[in-house]
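Structure record follows, encoded as structure tokens.
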Amino acid sequence: MKKVLRIVAAILAVGSIIFWAAAGANRGWTKTSVPRKIVDEVTGIEGVSYEKHFVPGVDFLGAALAGAGILAGISLFLRTKSNDSQNENKT
Amino acid sequence: MKTKLIILAFVASAGFALAAPQTFDFKDPKGINNAGFKLDAPLESINGSASGVSGTVTFDSENPGATTGKIVVATGSLMVPNSMQRTHMLSDKWLDAAKFPEISFEAKEFKSVKTAGDTTTADVTGTFTLKGISKELTVPVKLTYMKDKLGDRTPGQKGDLLVIRAGFSIKRGDFNINPGQFEDKVSDKIELTLSIAGASAK
């Protein structure tokens, strides 16, 4: 269980960093839609349209790393199976 | 003599019709008309826009200083790139879009009017209403009159276009949007821009 938690924590931490970096390493807030500029050729007015697109930000990265940290922290308080069985044999 | 009088009356009425103020409708079928807003925040500024623009403006190309009208922005059309931020922004804790569905500016008086060709710049004094609170503001605007250009923008229609551009700032505290609160997270100052085109069909 301890090992599993640590593996999950490591996967979560590394995976979230890779996902965040691959999505453009956005140092702002997470975006669920992205603004696209539209220009009206006749009037020259610049409008904005929003397209649904998930761009993770530092809040996403922070939450994922905090989650990984919590999982790793929990794993510190768990006893390994082998230790438990050794203790049982001693008694 | 009678014929001459009829012709004179016709020419005079035609001239009057040409100089008459036109009413421009700012409901944009292309959805490009927009009002932008920007607030400073610690991590990154909050930039958004609203596309739900409507209203009418009466404009006389011979006398741009006599322009009057009202532009309305649907509060529910305000967008920011983060859906959670948008939900908070429209909630009763901030803009309360359900109770105050419209943001508006009603132009009352044009000052410092300067016209060069089809472009007029002026300082417009009018009533700005946000979250149910109305305040008098003076806003610099630029009007561009585009004669017979409606067909280029909306095929099949004949008429003129009027483009209005404006930029000004307000304080959210003045409009009862969490006055004096969360200023370390979201600035009190809100920068607003307006880029809209209205149509007057013939």
Checklist entry - Given C-alpha coordinates of chain A, what is the ratio Rg to Rh with the Kirkwood estimate of Rh? => result 1.38
Next on the checklist: For the pairs A:K37/B:K114; B:K38/B:K202; B:K111/B:K135, flag any whose C-alpha to C-alpha distance is greater than 28 Å.
Outcome noted: A:K37/B:K114; B:K38/B:K202
Next on the checklist: Straight-line reach only, C-alpha to C-alpha below 16 angstrom: list the aspartates and glutamates that B:K185 could link to, leaving out same-chain residues fewer than 8 apart.
Outcome noted: A:D59, B:D40, B:E44
Checklist entry - Taking Cα pairs under 8 Å and at least six residues apart, what relative contact order does the range B:21-201 come out at, in percent? => result 23
Item to check | Electrostatic dipole magnitude of chain B [Cβ: Lys, Arg +1; Asp, Glu -1; Cα centre; debye, to 20] | outcome: 560
Checklist entry - Hey, how many Å between the Cα centroid of the range B:103-142 and the Cα centroid of the range B:36-54? => result 20
Next on the checklist: Can you sort B:T127, B:T75 from fewest to most other Cβ atoms within 10 Å of each residue's own Cβ?
Outcome noted: B:T127, B:T75
Item to check | Proxy reagent accessibility, fewest Cβ within 10 Å first, across B:M89, B:M84, B:M146 | outcome: B:M84, B:M146, B:M89
Checklist outcome for this item: In whole Hz, the Karplus estimates of ³J(HN,Hα) for the range B:46-57 (6.51, -1.76, 1.60; θ = phi - 60°; x where Gly or Pro) are 8, 10, x, 8, 10, 9, x, 9, 8, x, 10, 10
Checklist outcome for this item: Among the Cα-Cα pairs of the range B:21-201, the proportion with separation greater than 30 Å, in percent, is 22
Checklist outcome for this item: Here the FRET efficiency for B:N176 versus A:V39, based on Cβ atoms and R0 = 51 Å and rounded to 0.05, is 0.90
Next on the checklist: Taking loop as defined by DSSP and a crowding limit of 14 other beta carbons within 10 Å, which GluC sites (Glu not before Pro) in the range A:4-76 fit?
Outcome noted: A:E41
Next on the checklist: Normalised radius of gyration for the protein assembly as shown, please: alpha carbon Rg relative to 2.2 N^0.38 Å, two decimal places.
Outcome noted: 1.50
Checklist outcome for this item: Footprinting proxy, B:I170, A:I7: sorted fewest to most Cβ within 10 Å, the residues are A:I7, B:I170
Item to check | Degrees, to the nearest 10: B:2-19 long Cα axis against longest axis of chain B | outcome: 20
Next on the checklist: Give the residue list of trypsin sites (Lys or Arg not before Pro) in the range A:18-56 that are DSSP loop and have at most 16 other beta-carbon atoms within 10 angstrom.
Outcome noted: A:R27
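Just so you know, all these numbers are worked out from the coordinates, no wet-lab data involved. Given the structure is predicted, the values throughout are model-derived calculations rather than measurements. Positions of Cβ are generated from backbone atoms using ideal geometry, with glycine treated the same way; all protein chains shown enter the neighbour counts.
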